[in-house]
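Student: This is the structure I have questions about; it appears just below.
The values are calculated or read from the model by the stated rules, or taken from the named source; none is laboratory data. Computed from a predicted structure; not experimentally measured. No Cβ is skipped: glycine too gets one built from the backbone with ideal geometry, and neighbour counts run over all protein chains shown. Keep in mind that these areas ignore ligands, DNA and RNA; they rest on the heavy atoms of the full protein, side chains included. Shrake-Rupley method; radii C 1.70, N 1.55, O 1.52, S 1.80 Å.
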2 protein chains.
Amino acid sequence: MPPALIGIDWGTTSFRAYLLDRAGAVLDRIEAPRGILAVENGAFAEAFSAALAPWLANHGRLPAILSGMIGSRQGWTEAPYARCPAGLRELASALMPVPGAAEIRIVPGLDQRDAAGLPDVMRGEETQILGALTALSIDGGTFVLPGTHSKWATVEGGRIAGFRTFMTGEVFAALRAHTILGRLMAEAPGSGSGFRCGLDAARRLATAGDLLNRLFSVRSLGLFGDLPAHELADYLSGLLIGAEITAAHRPGGETVVLVGSEALCARYRAALDCVGVASTTAPADCVVLGHLKIAEVAGLVA
Amino acid sequence: MPPALIGIDWGTTSFRAYLLDRAGAVLDRIEAPRGILAVENGAFAEAFSAALAPWLANHGRLPAILSGMIGSRQGWTEAPYARCPAGLRELASALMPVPGAAEIRIVPGLDQRDAAGLPDVMRGEETQILGALTALSIDGGTFVLPGTHSKWATVEGGRIAGFRTFMTGEVFAALRAHTILGRLMAEAPGSGSGFRCGLDAARRLATAGDLLNRLFSVRSLGLFGDLPAHELADYLSGLLIGAEITAAHRPGGETVVLVGSEALCARYRAALDCVGVASTTAPADCVVLGHLKIAEVAGLVA
């Protein structure tokens with residue numbers, strides 16, 4: 001089948017473009033180190049044309065659906081957040097065309113307020129979740145998207161009902177690189193046993209502040225040789241991911257679906273296993289099925 | 001009275017020396033940017049002589065008591081940790097002379113294991129606490145030493161019975177400087193209302209992982225203008241200090257004594273007030289009374 005759509009996951013530090021036919025098969029893909037932070041002076045139109053030059057030359061102006069931070073205030077053009085609950089219909093009807101190119105449309109992110117009135121936001125994950133629903137032929141469950149800012153979303157009847165962000169990945173990176181905790185860490189292949197120690201320690205945390213206390217054990221356990229240097233980074237990772245899961249997971253029979261890079265999903269799968277929670281992992285690149293479904297509902301793919 | 005003792009609080013980044021008479025009056029003081037990280041190739045003897053040259057020239061070889069990270073593996077000479085519970089007697093009997101200068105002695109830090117077997121350590125704070133006991137003429141209570149690594153210690157019968165470290169200050173600095181949370185923050189004078197919002201939010205945290213979630217509100221509240229940019233840093237500060245206090249404070253009638261810089265103590269005093277905990281602040285430089293008392297018990301001051 002001929003190409004019918006360009007889907008792009010365009011984030012802060014990454015640019016992943018997919019050439020799709022109308023059944024969602026990936027005909028070609030282009031990745032570039034052209035995250036929005038790497039595009040200067042708002043030259044997104046030029047970055048788009050340059051990165052996709054081969055496709056544009058061969059196939060002309062195809063409809064394009066972009067998701068991720070490209071729709072933020074720092075992106076190409078701001079696509080105002082849609083409000084939860086939201087599914088294909090809500091996102092398709094709120095697509096934001098970029099200036100001067102009506103065939104290029106940006107998926108809005110989602111925002112919500114929790115019971116205490118605190119706002120939370122996502123950009124890009126909504127499209128991954130809708131793609132995962134399609135890939136797995138389901139219309140509900142708990143979706144976990146691990147990463148710099150992990151998202152835990154609840155999906156009901158094909159619509160994202162609500163979500164929470166956990167800064168686990170970014171906190172881990174900042175603590176490792178910019179506090180005393182990184183001093184004793186040795187680079188080494190992932191240590192299953194350090195990770196499990198961290199998960200165990202996380203289960204014994206009673207309050208939020210106990211985490212600020214227990215973090216110091218990354219140092220003290222290293223200082224006394226209770227944990228070898230090459231296990232300390234994984235211990236910290238287990239401590240943070242374990243705390244995230246305890247806070248985020250609501251016991252219940254529903255499917256937990258992991259969406260993300262295989263390495264991170266494997267780490268979360270192991271952590272969920274540890275607390276007896278079974279999980280499914282969505283196929284890599286399922287985001288393209290989100291791009292396709294949104295385009296279909298918006299009437300952009302014949 | 002003539003000088004009887006040199007007391008030095010020699011930490012990772014600071015060097016504060018006090019010339020004391022035998023009643024504990026401070027006759028002179030010398031501060032220098034000569035924390036142990038600034039002393040190269042282990043040249044601590046030279047750093048000591050250079051910083052204190054005027055005193056050594058005028059008063060000859062006085063006994064000196066040093067506390068802080070100067071006794072760590074990265075310091076002048078390692079003073080092995082004493083074990084809790086420990087008071088003046090235990091510390092005085094474990095003083096570690098530096099190589100080649102028997103009149104210069106380092107106070108050991110303290111270590112302990114909690115109920116779960118996790119180690120914790122302090123270096124320097126034990127001397128501040130013993131000084132505060134003397135300054136306030138008390139022999140027990142809860143002692144809070146806010147800072148990069150906040151310490152909460154329980155003192156009974158003049159001895160430090162146990163303590164916990166909270167990485168509040170270092171986590172705050174790493175999150176502000178090295179994560180997305182700092183991006184929206186404007187430099188401004190301390191904002192009481194941002195701080196109180198953070199304290200309120202901390203009270204609503206149920207588990208450790210909820211902190212990883214709530215941290216993101218520093219960004220989302222800024223993004224939607226719920227909190228002005230100049231209040232965001234104090235909101236983060238309130239969130240972390242509030243979580244620390246909830247985890248660390250055990251309700252009871254005992255005195256809470258704050259020991260540290262006036263600015264930090266004021267911040268913790270306000271946070272403790274918010275949860276109905278009265279506190280006393282120890283006098284600045286009370287650490288010298290710890291140096292003096294330890295020297296007395298060790299028989300170094302006539």
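Student: Scan the stretch B:99-106 and give yes if some residue there is closer than 22 Å to B:Ala4 by Cα, touching a Gly at 6+ places or on another chain (Cβ under 7 Å) and touching a residue at least 60 places away in the same chain (Cβ under 8 Å), otherwise no.
Tutor: No, because not a single residue in the stretch B:99-106 is closer than 22 Å to B:Ala4 by Cα, touching a Gly at 6+ places or on another chain (Cβ under 7 Å) and touching a residue at least 60 places away in the same chain (Cβ under 8 Å).
Student: Run B:Cys197 past the list (1) under 13 Å from B:Leu239 (Cα atoms); (2) facing another protein chain (nearest Cβ under 10 Å); (3) in contact (Cβ under 8 Å) with a residue 24 or more places away in the chain; (4) among the hydrophobic types (A, V, I, L, M, F, W, C) and report the number of the one that doesn't hold.
Tutor: (2)
Student: While we're looking at this one, here's another question. Select from the stretch A:240-263 the residues that are charged (D, E, K, R) and within 17 Å of A:Gly169 (Cβ to Cβ) and list them in ascending order.
Tutor: A:Glu244, A:Glu262 - these are the residues of the stretch A:240-263 that are charged (D, E, K, R) and within 17 Å of A:Gly169 (Cβ to Cβ).
Student: Could you list, in sequence order, the residues of the stretch A:97-119 that are within 21 Å of the chain's Cα centre (by Cα) and either buried (at least 18 other Cβ atoms within 10 Å of the Cβ) or more than 14 Å from chain B (Cβ to nearest Cβ) (or both)?
Tutor: A:Arg105, A:Ile106, A:Val107, A:Pro108, A:Gly109, A:Leu110, A:Asp111, A:Gln112, A:Leu118, A:Pro119
Student: A further question follows. Can you tell me which of (1) in contact with a Leu (Cβ under 7 Å, 6 or more places away or on another chain); (2) open to solvent by 30 Å² or more (accessible area, probe 1.4 Å); (3) within 12 Å of another protein chain (Cβ to nearest Cβ); (4) not small (Gly, Ala, Ser) is the one A:His149 doesn't meet?
Tutor: With respect to (1) in contact with a Leu (Cβ under 7 Å, 6 or more places away or on another chain); (2) open to solvent by 30 Å² or more (accessible area, probe 1.4 Å); (3) within 12 Å of another protein chain (Cβ to nearest Cβ); (4) not small (Gly, Ala, Ser), A:His149 is out only on (1).
Student: May I pose another question? Check A:Arg250, A:Arg214 and return the single one that is within 13 Å of chain B (Cβ to nearest Cβ) and surrounded by fewer than 24 Cβ atoms within 10 Å (Cβ to Cβ).
Tutor: A:Arg250
Student: State whether one or more residues within the stretch B:178-188 are more than 11 Å from chain A (Cβ to nearest Cβ), in contact with an Asp or Glu (Cβ under 9 Å, 6 or more places away or on another chain) and open to solvent by less than 10 Å² (accessible area, probe 1.4 Å).
Tutor: Scanning the stretch B:178-188, I find no residue that is more than 11 Å from chain A (Cβ to nearest Cβ), in contact with an Asp or Glu (Cβ under 9 Å, 6 or more places away or on another chain) and open to solvent by less than 10 Å² (accessible area, probe 1.4 Å), so the answer is no.
Student: List the strands (runs of 3 or more DSSP E) inside the stretch B:1-94, counting only whole elements, that have at least 3 residues being open to solvent by 20 Å² or more (accessible area, probe 1.4 Å) and touching a strand residue (DSSP E or B) at 6+ places or on another chain (Cβ under 7 Å).
Tutor: Hits in the stretch B:1-94: B:26-32.
Student: Does A:Glu254 satisfy the criteria of being farther than 26 Å from B:Gly162 by Cα, out of contact with any helix residue (DSSP H, G or I) (no Cβ under 9 Å at 6 or more places or on another chain) and among the acidic types (Asp, Glu)?
Tutor: In short, yes.
Student: For the stretch A:103-118, which residues satisfy the criterion of being of a type outside the set (Lys, Arg) and modelled with pLDDT of 95 or more?
Tutor: A:Glu103, A:Ile104, A:Ile106, A:Val107, A:Pro108, A:Gly109, A:Leu110, A:Asp111, A:Gln112 - these are the residues of the stretch A:103-118 that are of a type outside the set (Lys, Arg) and modelled with pLDDT of 95 or more.
Student: For residues in the stretch A:191-216 being touching a helix residue (DSSP H, G or I) at 6+ places or on another chain (Cβ under 6 Å) and not in a helix (DSSP H, G or I), which is modelled with the lowest pLDDT?
Tutor: Of everything passing the filter in the stretch A:191-216, A:Ser191 is modelled with the lowest pLDDT.
Student: If you check B:Leu258, B:Leu239, B:Leu199, which single one turns out to be within 27 Å of B:Ala284 (Cα to Cα) and in contact with a strand residue (DSSP E or B) (Cβ under 6 Å, 6 or more places away or on another chain)?
Tutor: Matching residue, one of B:Leu258, B:Leu239, B:Leu199: B:Leu258.
Student: So which pairs qualify, if the first residue must be in the stretch A:230-247 and under 20 Å from B:Met167 (Cα atoms) and open to solvent by 10 Å² or more (accessible area, probe 1.4 Å), the second must be of a type in the set (D, E, K, R) and in a helix (DSSP H, G or I), the Cβ gap must be under 6 Å, and the two must be at least 6 apart or on different chains?
Tutor: Every condition considered, no pair remains.
Student: Quick check on this structure: which one of B:Leu272, B:Leu264 is surrounded by fewer than 23 Cβ atoms within 10 Å (Cβ to Cβ) and within 21 Å of B:Glu187 (Cα to Cα)?
Tutor: Residue meeting the stated conditions: B:Leu264.
Student: B:Gly222 passes all but one of (1) within 11 Å of another protein chain (Cβ to nearest Cβ); (2) within 18 Å of B:Val256 (Cβ to Cβ); (3) in a helix (DSSP H, G or I); which number fails?
Tutor: Checking B:Gly222 against (1) within 11 Å of another protein chain (Cβ to nearest Cβ); (2) within 18 Å of B:Val256 (Cβ to Cβ); (3) in a helix (DSSP H, G or I), the one that fails is (2).
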